[in-house]
Amino acid sequence: MVNVMCVVLGSQSPRRKEIFEYFDIPFTVCSSQFDESTISFNHDPKEYVETLSIEKAKALKKQFNNEVLITADTIVHFKKRLYPKPQDEQEAFTFLKELSGNTHEVYTGVCISQGEDYYTGATLSTVQFHPIEDEKIKDYIQLIDPLDKAGAYAIQGRGSLIVSKIEGCYYNVMGLPITLLSDLLKKVGIDLWKAYSK
């Protein structure tokens, strides 16, 4: 086990928690209460997710100070439009129908902060969907919980049924790109290469 200061994963995503558990680093989970709707999308997906990840970290500073904070935000981007977490199953159906048979972008912004220092970056992956019939979209929505997933889909497990191709980091699509995470954590003295759980 790597001997590090307290690490806080500022996310309620079970996928991000699962990914960070690959490494033998003690951490606690505390979701940031930052209101994402206060940040307008300016048609630059990379800047948008980086800004959101930083603002989530700033919101957590009210509870934590010297701890290492990890915050992230993932978006699906297609035809200059964002596909966030759907509000309901009808919106999930609409998202999946529009993404069906097409290639879209997934961006994840990650921020590592400690004290007054903030280190951030973003990773891009492209994902291509199979053409999906309406009945299969309805079935898919029952297979997974689309309401807590950007774009209303999952890349892992049964969610992979609709994905025909991915270019870039798989873990980025899950919500926490490991290479970027590793690079940013080095800036606060944490080396994931020394924290791998076998």
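The table that follows gives values for the structure above.
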{"quantity": "Using alpha-carbon coordinates, inclination of helix 134-143 to the longest axis of the chain, degrees", "calculated": "30"}
{"quantity": "Stretch gain in nm, segment residue 102-residue 18, where the contour uses 0.36 nm per residue and the Cα spacing is subtracted", "calculated": "27.4 nm"}
{"quantity": "Within the accessible area of segment 62-133 (1.4 Å probe), percent carbon and sulfur", "calculated": "45"}
{"quantity": "Segment residue 186-residue 79, extension gain: residue separation times 0.36 nm, minus the distance between their alpha carbons", "calculated": "35.0 nm"}
{"quantity": "Pairs of alpha carbons in the chain whose separation is greater than 28 Å (percent)", "calculated": "26"}
{"quantity": "Debye, to nearest 20: dipole size of the chain, +1 on Lys, Arg Cβ, -1 on Asp, Glu Cβ", "calculated": "320"}
{"quantity": "Selection from 162, 82, 95, by position along the positive dipole direction of the chain (Cβ)", "calculated": "162"}
{"quantity": "Separation of alpha-carbon centers, segment 164-182 and segment 1-71, rounded to whole Å", "calculated": "16"}
{"quantity": "1.4 Å probe accessible area per residue over the chain, in Å²", "calculated": "51"}
{"quantity": "Protection proxy ranking, peptides 24-33, 66-75, average beta carbon neighbours within 10 Å, highest first", "calculated": "66-75, 24-33"}
{"quantity": "Lys/Arg +1, Asp/Glu -1 at C-beta; the chain dipole; positive extreme among 118, 175, 53", "calculated": "118"}
{"quantity": "Entries in 46/80; 58/79; 149/187; 17/165; 79/138 that, when Cα-Cα distance is taken, lie over 19 Å", "calculated": "58/79; 149/187; 17/165; 79/138"}
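The values are calculated or read from the model by the stated rules, or taken from the named source; none is laboratory data. This is a predicted model, so every value here is computed, not measured. Cβ sites come from the backbone with ideal geometry, for glycine too, and all protein chains shown count toward neighbours. All accessible areas refer to the heavy atoms of the entire protein, side chains included, with ligands and DNA or RNA removed. Shrake-Rupley method; radii C 1.70, N 1.55, O 1.52, S 1.80 Å.
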